[in-house]
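Asker: I'd like to ask some things about the structure below.
What follows draws every value from the coordinates through simple rules; no lab data is involved. Everything numeric here is computed off the predicted structure, so don't read it as measured data. Counting neighbours? That spans all protein chains shown, and the Cβs are built from the backbone with ideal geometry, glycine included.
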Amino acid sequence: MKEGPGRTIAASFLVLMLFVALGGGAWYGFGAVSGFLSAADFPGPGRGEAVVAVESGDSATAIADTLYGEGVVKSAAAFVAAAKDNPDSKDIQVGSYLLKKEMKASDALTMLLDLKNLNVHRVTLPEGLTYLQVYDRLAKATGIPVGDFKKAGKDPAGLGVPALWFKRDDGKKIDRTNIEGFLYPATYEIAKGATATDVLKQIVKNFNTEMAETGFPDTVRAKLDISPYEALVAASIAQVEALLDKDMGPVARVLYNRAYTGNFPCECLQLDSTVNYWLRLTGKEAKSSEKLLVTELHDPKNPYNYDVKGMAIGPISNPGDVALRGAMNPKKSDNYFFVTVDDKGAMAYGKTFADHEKNIEKACENGIPIC
């Protein structure tokens, strides 16, 4: 599987080229359709449009069959001959391609080898985006209105999110219309003509695949004794708070220590990131730590404010693989504080507030604007 900037979801298996010759070069597997045993070819350059699907495991004859059926080539034999003569033909990738009708077989092969001719929209969703930011990127890539994604996203269960994600162990109610956290970051190839529902189902399906491959739900239950949803919330916060991969786990551990041990005075998270998430959701600009007002930090109308006990009521971003793995089973510690201390994103941790104050002083000395 070839990967782009994120993980490409459309399968990229190399198409198997199965050529079997007999005697003077006759090919098996063409079938009895008229024209298959002839190398008749169009002169090109072709006309109109034809959508051709290459499936996983397709042989040269299978691709030739499809092209012939769509009127792209004049005979299957012409395409097989072109594929045999071109060593790059083995690199044809699975996907839906936009070609022309009545093409010269060698030109059709050239177009199948150029990923620009894939009949898809390609969009990369980086780690840490909110669902609204995801919708914006998807809309720009596909031309589907943001409003369509908002409407479709109101039914996570209908999009494929399993029932296990709608349970918490801490008694807090889960908003079953909230898709935040389930839009897995990756590079997606979206079929042209897909609806908003189709697109979100594709993304949620990938989320489910990642959860199964990592064993996230079972590991969280066994190692942390909390619901998978609560760990997903922690991963979404770690994704935003930690700038370096190595800090994803330690940050998640601080969150668990604050929310569940009973040793943190308010048993709350007290995070600027959760406050800022609410500001974004309500159409306001996020603020740096030193600019957040006390009234904003403790706003009773904000369900993500400083004073809410336990783990936040929902994810604040869509976390990627590193953040999710970090939140699954982070190394145990007695840390209750963390802060970024240099411009490279390094974090320092503290067991007490006095430790935290010393780390803040170090951050200030390094020019981090939190003082």
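Asker: Using the Karplus equation 6.51 cos²θ - 1.76 cosθ + 1.60 (θ = phi - 60°), what ³J(HN,Hα) coupling, rounded to whole Hz, does each residue of the stretch 314-323 give in order, writing x for Gly and Pro?
Answerer: x, x, 10, 6, 10, x, x, 4, 5, 5
Asker: Now for a different question. Arrange the peptides 78-87, 312-321 so that the one whose residues have, on average, the most other Cβ atoms within 10 Å appears first.
Answerer: Numbers: 78-87: 19.7, 312-321: 23.7.
So the order, starting with the most tightly packed, is 312-321, 78-87.
Asker: Output the pairs from LYS223/LYS362; LYS140/LYS201; LYS284/LYS358; LYS167/LYS309; LYS172/LYS223 with a Cα-Cα distance over 23 Å in this structure; if there are none, say none.
Answerer: As for pairs spanning more than 23 Å Cα to Cα, those are LYS223/LYS362; LYS284/LYS358.
Asker: Each residue of the stretch 160-175 in order: what ³J(HN,Hα) in whole Hz does its phi give by Karplus 6.51 cos²θ - 1.76 cosθ + 1.60, θ = phi - 60°, with x for Gly and Pro?
Answerer: Result, rounded to whole Hz: x, 6, x, 4, 4, 7, 10, 10, 10, 9, 9, x, 6, 7, 9, 7.
Asker: If each residue of separation counts as 0.36 nm, what is the full-extension length gain between ASN178 and ALA39 once their alpha-carbon separation is subtracted? Intermediate results must be reported in sequence, preceding the final value.
Answerer: Numbers: separation 139, 0.36 × 139 = 50.04 nm, distance 5.68 nm.
The span from ASN178 to ALA39 would gain 44.4 nm if fully extended.
Asker: Ordered by residue, what ³J(HN,Hα) values in Hz, to whole numbers, does the stretch 82-99 give under the Karplus form 6.51 cos²θ - 1.76 cosθ + 1.60, where θ = phi - 60° and Gly and Pro are x?
Answerer: For the stretch 82-99, the Karplus-derived couplings read 5, 5, 5, 7, 10, x, 6, 4, 5, 9, 4, 9, 4, x, 9, 10, 9, 10 Hz, x marking Gly and Pro.
Asker: Taking only DSSP H segments of four or more residues, each worth -39500 (n - 2.57), what value at 222 nm results for the chain once the sum is divided by all its residues, to the nearest 500 deg cm²/dmol?
Answerer: Result for the chain: -11000 deg cm²/dmol, rounded to the nearest 500.
Asker: Write down the radius of gyration of the stretch 76-173 and its Dmax, each obtained from C-alpha positions, in Å.
Answerer: 21.3, 66
Asker: Determine the shape class of the stretch 240-297: with a ≥ b ≥ c the square roots of the Cα gyration tensor eigenvalues, call it rounded for a/c under 1.5, and otherwise prolate if a/b is greater than b/c, oblate otherwise.
Answerer: The shape class here is oblate.
Asker: List TYR306, TYR277 from most exposed to least, where exposure is judged by having the fewest other Cβ atoms within 10 Å.
Answerer: By the 10 Å Cβ count, ascending: TYR306, TYR277.
Asker: I need the per residue convex hull volume for the chain, using only the alpha carbons, in cubic angstrom as a whole number.
Answerer: In the chain, the Cα convex hull volume per residue is 169 Å³.
Asker: Starting from the Cα of SER333, move 7 Å in the Cα-to-Cβ direction to define the label point; list residues of the stretch 344-371 whose amide nitrogen is under 19 Å from there.
Answerer: 344-364
Asker: On a 0 to 90 degree scale, rounded to 10, what angle separates helix 248-260 from the longest Cα axis of the chain?
Answerer: 50
Asker: I would also like to ask the following. Arranged by the count of other C-beta atoms within 10 angstrom, fewest first, what order do ARG168, ARG47 take?
Answerer: ARG47, ARG168
Asker: Using only Cα atoms, locate the centre of the stretch 221-253 and the centre of the stretch 268-342, then give the distance between them in Å, rounded to an integer.
Answerer: Measuring centre to centre over Cα atoms gives 12 Å.
Asker: Between LYS344 and LEU292, how high is the FRET efficiency from 1/(1 + (r/R0)^6) when r is the Cβ-Cβ distance and R₀ = 25 Å? Nearest 0.05.
Answerer: Working from the Cβ atoms, E equals 0.55.
Asker: Name the most mobile residue of ASP307, ASP343, ASP58, meaning the one with the largest mean-square fluctuation, in a Gaussian network model of the chain with Cα contacts below 10 Å.
Answerer: Between ASP307, ASP343, ASP58, it is ASP343 that shows the largest mean-square fluctuation.
Asker: With a ≥ b ≥ c the root eigenvalues of the C-alpha gyration tensor of the stretch 116-274, is it rounded (a/c under 1.5), prolate (a/b larger than b/c) or oblate?
Answerer: prolate
Asker: Given labels modelled 7 Å from the Cα in the Cβ direction, how far is it in nm from ALA157 to THR219?
Answerer: My value for the distance between the label points is 2.8 nm.
Asker: Separate question: What residues have an amide H closer than 5 Å to that of VAL339, excluding those fewer than 5 places away on the same chain, when H is modeled at 1.01 Å from N in the peptide plane?
Answerer: Here the answer is ALA348, since their amide H atoms fall under 5 Å of that of VAL339.
Asker: Another question, then. Suppose each label sits 7 Å from its Cα in the direction of the beta carbon; what would the ASP114-ASN263 distance come out to in nanometres?
Answerer: 6.3
Asker: Tally Lys/Arg at +1 and Asp/Glu at -1 over every other residue whose Cβ is under 9 Å from the Cβ of GLU230; what's the total?
Answerer: Every neighbour counted, the sum reads 0.
Asker: Another one. Taking the 0 to 90 degree range and rounding to the nearest ten, how far is the long axis of helix 228-241 tilted relative to the main principal axis of the chain, both from C-alpha atoms?
Answerer: So the helix axis and the longest Cα principal axis differ by about 80 degrees.
Asker: Something else: Name the shape class, rounded, prolate or oblate, that the alpha-carbon gyration tensor gives for the stretch 293-371, where a ≥ b ≥ c are the square roots of its eigenvalues, rounded holds for a/c under 1.5, and otherwise prolate holds if a/b is larger than b/c and oblate otherwise. Please list the in-between numbers first.
Answerer: Numbers: a/c = 1.62, a/b = 1.13, b/c = 1.44.
Oblate, because a/c is 1.5 or more while a/b does not exceed b/c.
Asker: Right, something else. What's the exposure ranking of ILE370, ILE63, going from fewest to most Cβ atoms within 10 Å? Intermediate values should be presented prior to the final figure.
Answerer: On the way: ILE370 13, ILE63 26.
So the ranking, lowest neighbour count to highest, is ILE370, ILE63.
Asker: Once amide H atoms are built 1.01 Å from N in the peptide plane, which residues 5 or more positions from ARG122, or in another chain, come under 5 Å H to H?
Answerer: HN-HN under 5 Å from ARG122: ILE190.
Asker: Under a 5 Å amide H to amide H cut-off, with H placed in plane at 1.01 Å, what residues pair with TYR97 once short-range neighbours are removed?
Answerer: VAL52, ALA53, VAL54, ASN119
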